[in-house]
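The values are calculated or read from the model by the stated rules, or taken from the named source; none is laboratory data. Just so it is clear, the model here is predicted, and its values are computed rather than measured. Here the Cβ is made from the backbone with ideal geometry for all residues, glycine too, and neighbour counts use every protein chain on show. Ligands, DNA and RNA are excluded from the accessible area calculation, which covers all protein heavy atoms including side chains. Shrake-Rupley method; radii C 1.70, N 1.55, O 1.52, S 1.80 Å.
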Amino acid sequence: MTRKEQPHSWFSRKPLTWQQSRAMWRDLWLEASLDFPYLALIVSSCAIATFGLVANSAAVIIGAMIIAPLMLPIRSLAFGGLIGSWRLIRKSALAILVGTIIALAIAWLLGLLIGISEFGSEIQARSQPNLLDLGVAITAGAISGYAKIEPKISGTLAGTAIAVALMPPVCTIGLGLSQGNWVLSLGATLLYITNLLGIALSCLLVFLLAGYSNFHRARNALILTSILTAVLLIPLGISFATLANQARLERLIKKALLQRTITFQRAELLESSINWLKQPPRVRLVVRTAESITPRQVELLEEFITKEMGRPFQLNVLVSKVNEVTAPE
């Protein structure tokens, strides 16, 4: 960086000094270091996230999100692109690439060793990213960038990392590959790229508004990141439309079960879920009833749902039996 007059900052009345810009560059250079602490955080975060995904435990996954080692080099990458520092860009990109590959390898190996017979809701949730995920990534990235330039809110970085969730999608990719589930891995890959580009784009804009560069210098980085993010709008938009359609189908299924079938009208529906990764989709119902439900009744209901929805479904019913007990007369 050269000693040039800094552009005006939108966040303060005074323009940034050359010393402030240089100090920021040094901090982000250190954050992009591919050193032992960074690698240790990658390994520990990936292991925690993978175990949490396999155990379907949201609390454990949140623990992995708080560590968030990948957030730092992505932020450094954005700053490098903003000021046109190829040294910082190369260093940050290398840290991101190595960290991602290590996390993928660990998740893949753990997936092979553990073996996964059924993907839980936490894994499935990361296989169908949509426009909402891009909105979260852009917002969280903006907060992360602002937390870097404003020490008063630097403590919010952990909450930002939880919101954007970089490590769980990477681990989901590895788990999907370990079980040969390409649909799951591709969906998680799209989520990871969405988060990465969303964070980079919003950090670019925040650093630009903070006065660390002018628009002319940052133009190429902004255009490239914006184009890549715009390309994501196509698959994310399709996924959002699919998600809306799935929600509509779930409502129709619940309505059909509760209002239009004789077998389950006398049963209390406790929980319902649909695994859309299966072909055909698998409907899982948890019901409570005082009467027995036979396999034939489940088969008839499955046929009814298939007819009503216009597509095949597989139905699994978990029955909680209720026994009515009264005192002797």
Within the set L53, L134, L109, GNM on the chain using Cα springs under 10 Å gives the largest fluctuation to L109
May I ask you to derive the FRET efficiency for R296 and I114 from their Cβ-Cβ distance with R0 = 30 Å, giving the value to the nearest 0.05? 0.25
Pairs of lysine residues in the chain - Cα separation under 19 Å, sequence separation of 8 or more or cross-chain: 7
Out of S92, S292, S21, a Gaussian network model of the chain with alpha-carbon springs under 10 Å gives the largest mean-square fluctuation to S292
Would you mind computing, in nm to one decimal, how far apart the modelled labels at R282 and L252 are, each placed 7 Å from Cα along Cα→Cβ? 2.3
Counting pairwise Cα distances across the chain, what percent come out greater than 34 angstrom? 38
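So which helices of the chain fit the span-like rule, where a helix is a whole DSSP H run, its Cα atoms reach 27 Å or more along the axis, and its mean Kyte-Doolittle is at least 0.0?
Qualifying helices, which must be both long enough and hydrophobic enough, are 36-55, 86-114, 131-149, 182-209, 215-259.
By DSSP, what percent of the beta bridges with both residues in the chain are antiparallel, rounded to the nearest 5?
Values: 7 of 15 bridges.
For the chain, the DSSP antiparallel bridge percentage is about 45.
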As an exercise, find the ratio Rg/Rh for region 54-140 from alpha-carbon atoms, using the Kirkwood inverse-distance average for Rh. 1.04
With a 1.4 angstrom probe the carbon and sulfur portion of accessible area for the chain, in percent, totals 63
Rounded to the nearest whole Å², what accessible area per residue is found for the chain with the 1.4 Å probe? 52
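Stick to the Cα atoms of region 267-329, pair each with every other, and give me the Kirkwood hydrodynamic radius in Å at one decimal. Walk me through the intermediate numbers first.
Details: mean 1/r = 0.0767 Å⁻¹.
About 13.0 Å, per the Kirkwood formula over Cα pairs.
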Highest GNM mean-square fluctuation among L28, L318, L249, for the chain with Cα springs under 10 Å, belongs to L318
